[in-house]
Amino acid sequence: MKRRDFLRLGPAGIVLPSLINGFTLKAFAESPLVSALTQAPTETDHVLVLIQLNGGNDGLNTVIPFDQYDNLANARSNILIPRNKILKLNGGGNAGFHPAMTGLQTLFNEEKLQIIQSVGYPQPNFSHFRATDIWMSASDSNQYINSGWAGRYLAEEYEGFPMGYPNTVMPDPLAIQIGSFVSPAMQGPSVNMGMAITDPVNFYNLINGIQGPAPAGRGGKELTYIRQVAQQTQQYGTVIKNAAAKVTKQFSGYPTGNSLAEQLKIVARLIAGGLKTRIYMVSLGGFDTHAQQVVASATDTGTHALLLKRVSEGIKAFMDDLTYLNAHKRVLGMTFSEFGRRIKSNGSVGTDHGAAAPLFVFGHYAQNEVLGQSPEIPLITSASDNIPMQYDFRSVYASLLKQWFCVPDSILQNVMLKNFQQLQVVKKTAPCLSSNPDLPPNLENKLLLTNYPNPFQSSTTLSYESFGGHTLLQVFNTEGKLIKTLVDAEVSAGTHKITFENEGFAPGIYYARLQNQSLQLTRTMLLGR
Amino acid sequence: MRNNRTTTGIQPQVQTLTDLQLRHLLRRVLFGFTQKEVTFFSGKILSEILDLLLIPSIAPSPPLNTYTTASLSDPNVPLGQTWVNAPYDGATNGARTTSFKSWWIGQMLNQGASIHEKMILFWHNHFATETVDIGDARYVYKHHSLLRKYALGNFKDLVKEVTRDPAMLRYLNGFLNTKTSPDENYARELQELFTLGKGPKVQYTEADVKAAARILTGYVVNATSISSSFDPNRHDTGNKQFSSYYNNKVIVGKTGAAGATETDELIEMLFLQEETAAYLCRKLYRFFVYYEIDQATEVNVIQPLATIFRTSGYEIKPVLKALFSSEHFFDPLNRGGMIKSPVDFVVGLCREFGIIFPSASDAVNQYFMLDYIRIQASNMQQNLGDPPNVSGWPAYYQEPQFHELWINSDTLPRRNQLTDILVTTGYTRNGKKINIDVLAYTENLKNPGNPNLLIQDILDLLYAIEVPSDVRQFLKSILLSGQSTDSYWTDAWNNYKANPNNLVAKNLVLNRLTSFFKYVLNQPEYQLS
């Protein structure tokens, strides 16, 4: 398939939300045009699985920076994971894992996991609702966009949807969500692409054609009748059921009592069952750990440990299952949460709403590395401090779309609404990338960013080195908010200087963030009194 | 289906209604209902509630010419004036018929708290006529006015009037029924559909049909005044002998104007048959309670109602009052067992959400929007004014499925599409829009800030049957974006209320409410009354 073939594709996509055992199923159908294009198997069978961690995951207790451990101990002693229990990663540098995450540790060591440090966005919002909307829509913090990033992607590809879908050429949904609420991520730009599976029965019942319970009496009798019709009218019910039916045996090692694993098990079944569905979305709630995040007497246990265990075991079993079903090369996954949590823990053995946090990209073709530096933890933290953002979450989306779904730059611009930094998230051996130009090698350590004087009072001069091309130099405060963009331009290769003026900012720590091509670097600056 | 059997009968229900019972009553006798109507009736005793509900609405002003355009004009009727008394005009008759239907939908939408409109629909189905067959909208309007006038009056009087109604005389060829060429059409339907019905207890013969037809000879229609009259010259003046079923009754033939009195004698004879009352009570039962009539219901409900009906001299109000006062009507097993007819669905939807239509001063757009709603019902297989034939809509009589016939793989998606459109984009034409304002609806509820109470209030209003707690949890997760902390909704709602003009604050709640209502209205539960 040629990239230019995507250019003619226009708006749409369709969601099929349905309550299935507390899960929602939303499906998007594919277009004849794409089905024609997708004859090329290496292109078509790529699948992206999005795992939403609802509530704001505490990134600092998920990926724990060994090199920041002492400062971390000052900031969050009541929830701190004992140093000797933190899981080490082969080639993971200073990044260690929460002890509950042995599954993800294995995946990292097997080169199937990428950790992207400090993913966020300028001007973070601390409301669950608003932050979720920002992550779903991929808008700027102060911008309101009514469509979702995945919805826009589907809209670019599948023109006219849902008109004429499904059809004999391409009978499958474009995207399926198994989750607890209708995700705005799948919202298309113009039409509401949602199409309800109106039957509130659980997913297994849908697959097996079983009805959920109905109340006694005539109401229950008629309800059952309407549900039957609803099931028949469920456009994708049959293809989903058939795909599920093709997979009679799955990996036996899925954990029990793990709703994320249950959802992922369904996803694996549908992928291996031959659905050409591009995007799956699953979710796990409960990450809003304001209180009792850990058991005070054993901080490696408690709510958060249990949640991370579910994530880790769920993903590990999913990956094992995909290998078992021989579908592992087709699938890439990503975890995300609407925000991380504060550096400093609170008095209730928990953490409050924060900003940037690490996210995981997993899969056979996931770029195996820790991308970015350890988040810098100050010696003394205040309650409102957040770790500075290193990567914009929209860079991750844009990189996935380009490197996994081969979306050309022109379309990417429409989907992401802006041009975002490309990060290497997919191994270069992945089929889709064979013709991609090389991204610059990982040269973080060779980037240069200094400032003088430091500490400073009225102004400080930043020296930075660029490899040429687009260069961004930003200043964030300790809450994670962008307060100044010093450079946002194409610059020549070499060393440049720019002055950061104190415009009446409060004394304290500021972070300068340099972004050049796929590289970035942050530096701590201290504004004195 | 043991759990669907009810043994309750016509004995009076306790006068003090629970909220659940009040809502059940309103749902059945009105097209949808609002919180305002619940509040109005709340605290009143059942007898008083029914007396109020049984008050007919005042006669409305007639339908208007809203159809004159550059290419279509009604020669005798200026735009904005009524056409009901104007001469026939072949070019505009179709537009007049549409105007009548739109107007009728408008009457239903503005029904007030009275059973009147629902009874008019009942009679329209009972004395089913088709506008396409009648062929002149003025007859249609006149016929409709008759049903409207007698809807809560005396059934026997109504039968007498309908027998001489010009529209009915045209529809069932009564005006062609003469002594020299008798036409049995009306004579047959009068017995088979309008009074006695069919069944083992009904033993009239073909000879009885012929005898009745002879009695009914002589009626002619004046197409200028849209009236009927009796022409003795066309009347069969011989004696009419009836079968043993009618006790070998002889109706003596009469000459001159007195010939018309034979019609009244015939109708009196039909009303001496006990089956007439029982037949109509079964039809009322199927329209307002449930379609299955088993032996217990026949004995405990139908026959006692029929006795009341006969005793009152076929007054409609007492029989309705007895039915809606009965333990049987309020039997929990009967709750939610009605599948909404398309007209009930579309009109009820508009009323429940207080959808605002263009005002009377903008009659052209008002009628257009009313017709949009009417067409939706028509697409769902209930074309108001044009039932499939003289038997009415099969859903009201066709064994064994009855109301279930409204729901099939074509009509159910149409219902869902309509609610989707109205909840999301609304329907726009000519710069005017009708839509469901989910914010306004929510604002008018008692506890919009409390997600649990909000969901409870909404489901109480919109669903006739209880939903399990896991469905409630799911619904809440839509409002909470998957979070488990109720206050996140409360905060978002309060923030919107405090800053109603802040787009972000507004969209946070609007987004979630839109998804919420879309889902609620898509569920099979919403199809039930």
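What follows draws every value from the coordinates through simple rules; no lab data is involved. It should be emphasised that the depicted structure is a prediction, and the values quoted were computed from it without experimental measurement. Note that we place each Cβ from the backbone using ideal geometry, even for glycine, and neighbour counts take in every protein chain shown.
May I ask for the percentage of alpha-carbon pairs in the stretch B:379-515 that lie more than 25 Å from each other?
The calculated P(r) of the stretch B:379-515 puts 44 percent of pairs beyond 25 Å.
Considering only beta bridges that DSSP places wholly inside the protein assembly as shown, some 75 percent are antiparallel.
Summarising the amide proton neighbourhood of A:A291: residues at separation of 5 or more, or on other chains, whose placed amide H is nearer than 5 Å comprise A:T351. Helix B:451-462 and the longest principal axis of the C-alpha atoms of chain B enclose an angle of approximately 10°.
Please order B:V162, A:V295 by the number of other Cβ within 10 Å, starting at the fewest.
Working: B:V162 22, A:V295 15.
Going from least to most buried by this count: A:V295, B:V162.
3J(HN,Hα) along the stretch A:113-128: 9, 10, 10, 9, 6, 6, 8, x, 7, x, 6, x, 9, 9, 8, 3 Hz, from the Karplus curve 6.51 cos²θ - 1.76 cosθ + 1.60 with θ = phi - 60°, whole Hz, x for Gly and Pro. Sorted from longest to shortest, the spans of the Cα atoms of the stretch A:446-527 along the three principal axes equal 33, 23, 20 Å. For the Cα trace of the stretch A:331-406, dividing Rg by the Kirkwood Rh returns an Rg/Rh value of 1.05. Counting only aspartates and glutamates at least 8 places from A:K241 when in the same chain, those with an alpha carbon closer than 12 Å to its own are A:D172.
Near A:L371, the amide H atoms lying under 5 Å from its own belong to A:I115, A:I116, A:Q117; only residues 5 or more places off or on other chains count, and H is placed 1.01 Å from N.
I need to check one value: relative contact order of the stretch B:439-527, counting alpha carbon pairs closer than 8 Å and at least 6 residues apart, in percent.
On the way: 67 pairs, mean separation 26.8, N = 89.
Across the stretch B:439-527, relative contact order equals 30 percent.
Any idea what diffusion coefficient the protein assembly as shown gets from Stokes-Einstein, in µm²/s, Kirkwood Rh on alpha carbon pairs, 10 °C, 1.306 mPa s? Calculated translational D: 48 µm²/s. Applying a threshold of 26 Å to the alpha-carbon distances of B:K198/B:K249; A:K85/A:K329; A:K85/A:K481; B:K340/B:K497 flags A:K85/A:K329; A:K85/A:K481; B:K340/B:K497 as lying beyond it.
Mean partner shielding of peptide B:466-474, defined as the number of other chain Cβ atoms within 10 Å of each residue Cβ, is 4.
What is the average number of partner chain Cβ atoms found within 10 Å of a Cβ in B:504-517?
Details: counts 8, 3, 1, 6, 7, 1, 1, 10, 5, 0, 3, 9, 2, 0.
For this peptide, the per-residue mean of nearby foreign Cβ atoms is 4.
The order of A:F505, A:F362, B:F474, going from fewest to most other C-beta atoms within 10 Å of their C-beta, is A:F505, B:F474, A:F362. Residues B:E352, B:E466 in ascending order of nearby Cβ atoms (within 10 Å, fewest first): B:E466, B:E352.
Loop-located chymotrypsin sites (Phe, Trp or Tyr not before Pro) across the stretch B:146-232 with a Cβ neighbour count of 13 or fewer within 10 Å are lacking, with loop assigned by DSSP.
Once you have a ≥ b ≥ c as the square roots of the Cα gyration tensor eigenvalues for chain B, tell me rounded if a/c is under 1.5, and otherwise prolate or oblate according to whether a/b is larger than b/c. Oblate is the answer for chain B, as a/c is 1.5 or above yet b/c matches or exceeds a/b.
Working from the pairwise distances between different alpha carbons, so that the mean of 1/r is found and then inverted, what is the stretch B:439-527's Kirkwood radius in Å? Each step should come with its number before you reach the end.
Details: mean 1/r = 0.0759 Å⁻¹.
Across the stretch B:439-527, the inverse of the average 1/r is 13.2 Å.
Distant-in-sequence amide contacts of A:M281, defined by a placed amide H-H separation under 5 Å and a gap of 5 or more residues or a different chain, comprise A:L50, A:I176, A:Q177, A:I178.
One Cα centroid belongs to the stretch B:384-414, the other to the stretch B:236-268; the line between them spans 37 Å. Computed from Cα atoms, the angle from the helix B:116-126 axis to the main principal axis of chain B rounds to 50 degrees.
Excluding same-chain neighbours fewer than eight residues apart, the lysines reachable from B:K44 by a Cα-Cα span under 24 Å are B:K36, B:K118, B:K317, B:K321, B:K446. For a straight C-alpha distance cut-off of 14 angstrom, the aspartates and glutamates reachable from A:K265 (same-chain residues fewer than eight places away being disregarded) are A:E313, A:D320, A:D321.
With everything on Cα atoms, drop me the angle between helix B:342-352 and the longest principal axis of chain B, reported from 0 to 90° to the nearest 10. Computed tilt is about 40 degrees. Shielding of peptide A:224-232 by partners, expressed as the average count of other chain Cβ atoms within 10 Å per residue Cβ, is 6.
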